[in-house]
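Written below as structure tokens is the structure these notes are about.
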Amino acid sequence: MTPAQKLRDLLAAPGIQVMPGCFDALSAKLIADAGFKVTFMSGFAVSAARLGVPDTGLISFGEMLDSLRNCCSAAAGIPLIGDGDTGYGNALNVQRTVVEYARAGAAAVMIEDQVSPKKCGHTRGKDVISREEARLKIRAAADAKADADILIMARTDACAVEGFDAALARCHDFEDEGADIIFLEAPTSEDQMRKFCAAMSKPCMANMVPGGKTPVLPHAQLEDIGYKLALYPVMLMSAAISAMQASLAALRPDANSAQPPAISFTDLQKVVGFPAYWDREERYRAGT
């Protein structure tokens, strides 16, 4: 079964899918190993992990595609949605992004309507392209599916720029143009979240960013509102940064003692796959 078909089946099944965000092969592997059924490669997190820079359009299409291949390979068969940002250009660039993300193994690609360079959806300084250009980009993405088995997630950031009603109008456009999943970024209240989901006929995604513009609600409440996907894009990255900062502080010369590792070296070897590698190695060892 293809990644896209696995995602279609998840979206057709009852209930909401909780979707931790990955940013490299190891985080994608950990998400799959933990039993989650779908993950999302976050542009915010990849920009930070790969380049150490903010999510402000500084990372390139080639760098994102390379990270996507690694994440899809490590995700152990669970479907992965790739952040395609603005599509890296005009409508024809969007089509190339869709096709290449499918070839890399993504189950879906997210295309948004910000101007370039784009910004993280929960930070300041965003602007959006015209409603007509946004519509045509999603039309181009949907047309590209004829040559690629992949779903299209259409995202609008217009809520922060033009207001909720204008953002909702764009979401209706995206449905009309063939998007498979709709993402209205940064609604500011539960009432807006409910109105959005009630107005859509396609599956909707919620973006849960603690400290962001959207209320962070329990999974059951998000499901009751009408969401099919609940994304936590930076939870793993935030946890990793906190743990690394604590370990580095413990290693400073003025610290009393080094903080012990969170997991043993033996467990670390298991996480990255040494035991399975050794088992396979024995199969091809000469003289056995």
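Quick note: the coordinates plus some simple rules give every number you see, no bench work behind them. Source: prediction; values computed, not measured. Using ideal geometry, Cβ is built from the backbone for each residue, glycine included, and neighbour counts are taken over all protein chains shown.
Table for the structure above
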quantity	calculated
Fraction in percent of alpha-carbon pairs per bin - 5 Å, the stretch 1-152	2, 10, 20, 22, 21, 16, 8, 2, 0
Per-residue HN-Hα couplings for the stretch 201-207 [Karplus 6.51, -1.76, 1.60; θ = phi - 60°; Hz; x = Gly/Pro]	9, 9, x, 10, 10, 9, 10
Angle in degrees between helix 164-176 and the longest Cα principal axis of the chain, rounded to the nearest 10	80
Nitroxide proxy distance, nm - points 7 Å out along Cα→Cβ at R252 and E175	5.4
Within the chain, percent of DSSP bridges classed antiparallel, to nearest 5	5
Range in the chain, longest, excluding exposed trypsin sites (Lys or Arg not before Pro) [loop by DSSP; at most 13 other beta-carbon atoms within 10 Å]	125-284
For the stretch 159-201 and the stretch 213-268, distance of Cα centres in Å	30
Reference-scaled alpha-carbon Rg (2.2 N^0.38 Å with N residues) for the stretch 173-282	1.63
Using alpha-carbon coordinates, inclination of helix 235-251 to the longest axis of the chain, degrees	40
Which label in (1) 31, 25, 16; (2) 35, 22, 15; (3) 34, 23, 18 gives the computed semi-axes √(5λ) of the Cα gyration tensor in Å	(3)
